[in-house]
Amino acid sequence: MCGIVGYIGIEGKTVQVLVEGLKRLEYRGYDSSGIAILEKGHTKVIKSEGKLDNLLKKLSIHSFNGSLGIGHTRWATHGTPSERNAHPHVSGGTSVVHNGIIENYQELKNELKKKGYVFNSDTDTEVISHLIEDFSKNGSSFEDSVRGAFKLTEGSYAVAIVSEREPEKIIALRKFSPLIIALGQGENFIASDIPAVLPYSKRVIFLEDGDVAILEKDSFRITDLNGQEVKREVFSINWDPVAIEKGGYKHFMLKEIHDQPHAVLDTIRGRVSEESGDVYFEGLENIVKGVRRVVAIGCGTSYHSCLIGRYMIENIAHVSVDVDLASEIRYRDPIIDENTLVIAVSQSGETADTSEALLEMKKRGARTLSITNVPKSKIARESDAVIYTHAGPEIGVASTKAFTTQLIVFYLLSIYLGRHTGRLSDNEGRRFIHDSFRMPQLLEMALKLDEVIKGLAMEFYHYKNFLYLARGINYPIALEGALKLKEVSYIHAEGYAAGEMKHGPIALVDESMPVVIIAPRDGIVYKKVLNNLQEIRARRGKVILITSGDEADELNTQIDRLIKIPDSSYMLSPIIAVVPLQLFAYYIAVYKGTDADQPRNLAKVVTVE
Ligand code: AGP
């Protein structure tokens, strides 16, 4: 989704902050970019279609001295990706960058046209700059013009605005789209996400819906749309800016795959006691008391972790779990009551589908818990309680370490629930916790497959279709493996429950169809999956088997490729089994020459429905 950066402070520093910030937001996905700088009260706007490099080329032939400006990377919603539709949009002396959708833009546009405003783009955003300009022309101050304009708009927005009339201020607003302000010494910042400003400031305010922030270089105020001051807490972010760099890896995706042992360890650390067999989560006690049923929701990869979470919670805590796509549950009539715990899972904590579904479930009386990676994100704030994954910033669009840390949270939560409902004994708690301690080391061992998987990718990258099969707790890993491959390499891939093969998809199998089978040895469904393997072999399908244990070697003669992963307990096997699939998708993307970090058409944070 679009990225916003704003800066006010030191003369001559503005372009650097805007450009570096936009670069750090590239992971969100975009198709054009632009900046507006105020210099001696005059606006300079440079925009470009395509990647930021195109904008940089244009910027290099200008010199800039301004001490404030706004920048934007656009992910097209209204109007094609083009320079004309790129932000900022300017009307008179007002420049605006916007993330979100103004739902009543057509109506507003008609009114503004009647007043003589000329539209230079096909965007919904352009109505904002004209509206503010219209209020300003009628004598309102910059602040009042902004408030006046946004009282007329419907929809979602994160916005940053500068005006030639008051060139010592930036105004930022938020409604349903993420936006933060960061505080410096003699300088202040606006951004869609923390990484954009982390090298400059770790003191961050998360704007809330309806907030209007007025930034000057030495001060800031936050009001509501009526001008009433509101207080917001300043948070210290302890993310390391170095963690946001690629750390010697060619892509963020590869770095983040290799971050997993640490990320999983950081997510477990300080939350468990092997001595007592207990798990500790702050603020969860009241929420889980008397819970009869869990409903887990999420989108994409986060949905897959919900599917695995179901196996864990049902098996370990014996609490019944339903799983739904966040984008679907809102359009059903789910049976929700005060004894239902809705768990919303989201890496970014800003996914519109998940956030809207969460609010709807809350309205229906559910207790709510979120599992997210981003501190104080929308979903975290909207839920009754939150458990953070400690994956650190995930920049690659394809989710990797966020996924495995979500899985370890589900595992710990299952133990927590089991202990609190009295269904899990101390001894069982101890055993489950003990198993979790082995995960960082087992992940390290799985990552040693890197070179082997690279070779495998070399062999298979020219195939046009793939099937991924698994059963039981690893069935969602088949879905996740297929999603990873689709996302980053643009190869068609489908994940299927192995037992469903004979009910249809087996018709697809021939020598041109590689089938990736995920069957860790410890699995209770291992033998059954091996039967499916024979069915595929009989139809000349190419089989890549991902399994564990010593007996695996005996299978070598029956399949095309054997990938041996380390043994873990059955409940934790998905965390290991997904690693070769992440690497496989990554290296296939590299061989195909697609952009693994920013695949086409995708955005890291999906803030539109
Ligand atoms: C994962 O690789 C995808 N990029 C995507 O499916 C993602 O998981 C989904 O959009 C949900 O995002 P969230 O976890 O930030 O809510």
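The table that follows gives values for the structure above.
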read-out	value
For residue 297: the one exception among (1) of a type in the set (A, V, I, L, M, F, W, C); (2) within 13 Å of the ligand (Cβ to nearest atom); (3) touching an Asp or Glu at 6+ places or on another chain (Cβ under 7 Å); (4) not in a strand (DSSP E or B)	(4)
Residue check, residue 313 closer than 21 Å to residue 478 by Cβ, within 16 Å of the ligand (Cβ to nearest atom) and either open to solvent by less than 20 Å² (accessible area, probe 1.4 Å) or among the basic types (Lys, Arg) (or both)	no
Residue that is nearest to residue 596 (Cα to Cα) [pool: residues in segment 1-51 that are assigned to a helix (DSSP H, G or I) and among the hydroxyl-bearing types (Ser, Thr, Tyr)]	27
Among the candidates 79, 100, residue that is open to solvent by less than 40 Å² (accessible area, probe 1.4 Å) and outside any strand (DSSP E or B)	79
Flag for residue 579 being within 15 Å of the ligand (Cβ to nearest atom), touching a residue at least 60 places away in the same chain (Cβ under 8 Å) and open to solvent by 40 Å² or more (accessible area, probe 1.4 Å)	no
Residue that is buried (at least 23 other Cβ atoms within 10 Å of the Cβ), over 24 Å from residue 607 (Cα atoms) and either assigned by TED's automatic domain parsing to the domain that holds residue 393 or not aliphatic (A, V, I, L, M) (or both), where the choices are 291, 264, 319	264
Tally, over segment 583-597, of residues that are free of Cβ contacts under 8 Å to residues at least 24 places away in the same chain and in contact with an Asp or Glu (Cβ under 9 Å, 6 or more places away or on another chain)	0
Subset tally (residues that are in a helix (DSSP H, G or I) and within 11 Å of the ligand (Cβ to nearest atom)) for segment 582-601	2
Failed criterion for residue 604 (all others in (1) away from the ligand (no atom under 15 Å from the Cβ); (2) assigned to a loop (DSSP other than H, G, I, E, B); (3) basic (Lys, Arg) hold)	(1)
Residue 377 being within 13 Å of the ligand (Cβ to nearest atom), out of contact with any helix residue (DSSP H, G or I) (no Cβ under 7 Å at 6 or more places or on another chain) and among the polar types (S, T, N, Q)	yes
Search result, residues across segment 469-523 that are within 16 Å of the ligand (Cβ to nearest atom), touching a helix residue (DSSP H, G or I) at 6+ places or on another chain (Cβ under 6 Å) and of a type outside the set (Asp, Glu)	476, 477, 479, 481, 484, 485, 488, 489, 491, 493, 495
Condition met for residue 392 (farther than 14 Å from residue 312 by Cβ, in contact with a helix residue (DSSP H, G or I) (Cβ under 9 Å, 6 or more places away or on another chain) and buried (at least 23 other Cβ atoms within 10 Å of the Cβ))	no
Residue that is surrounded by the most Cβ atoms within 10 Å (Cβ to Cβ), among those in segment 587-609 that are of a type in the set (D, E, K, R) and farther than 19 Å from residue 457 by Cβ	604
When residues of segment 1-47 are limited to those that are open to solvent by 20 Å² or more (accessible area, probe 1.4 Å) and among the hydroxyl-bearing types (Ser, Thr, Tyr), the one farthest from the chain's Cα centre (by Cα)	43
Residue among 222, 190, 214 that is modelled with pLDDT of 95 or more, farther than 20 Å from residue 38 by Cα and either of a type in the set (D, E, K, R) or part of a strand (DSSP E or B) (or both)	222
Counted residues, segment 139-170 - those being open to solvent by 50 Å² or more (accessible area, probe 1.4 Å) and assigned to a helix (DSSP H, G or I)	3
Failed condition for residue 414, given (1) among the hydroxyl-bearing types (Ser, Thr, Tyr); (2) surrounded by fewer than 24 Cβ atoms within 10 Å (Cβ to Cβ); (3) touching a residue at least 40 places away in the same chain (Cβ under 8 Å)	(2)
Test: residue 31 is touching a Pro at 6+ places or on another chain (Cβ under 7 Å) and not assigned by TED's automatic domain parsing to the domain that holds residue 393	yes
Residue ID - farthest from the ligand (Cβ to nearest atom), chosen from residues in segment 350-365 that are among the small types (Gly, Ala, Ser) and open to solvent by 10 Å² or more (accessible area, probe 1.4 Å)	365
Where a residue in segment 14-32 is free of Cβ contacts under 8 Å to residues at least 60 places away in the same chain and its partner, wherever it lies, is in a helix (DSSP H, G or I) and open to solvent by 20 Å² or more (accessible area, probe 1.4 Å), with Cβ under 8 Å and at least six apart	19/56
Filter result (surrounded by fewer than 15 Cβ atoms within 10 Å (Cβ to Cβ) and in contact (Cβ under 8 Å) with a residue 24 or more places away in the chain) within segment 48-66	65
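The values are calculated or read from the model by the stated rules, or taken from the named source; none is laboratory data. Remember, it's a predicted structure, so these values are computed and weren't measured experimentally. No Cβ is skipped: glycine too gets one built from the backbone with ideal geometry, and neighbour counts run over all protein chains shown. Note: accessible area is taken over every heavy atom of the protein model, side chains too, but ligands, DNA and RNA are not part of it. Shrake-Rupley method; radii C 1.70, N 1.55, O 1.52, S 1.80 Å.
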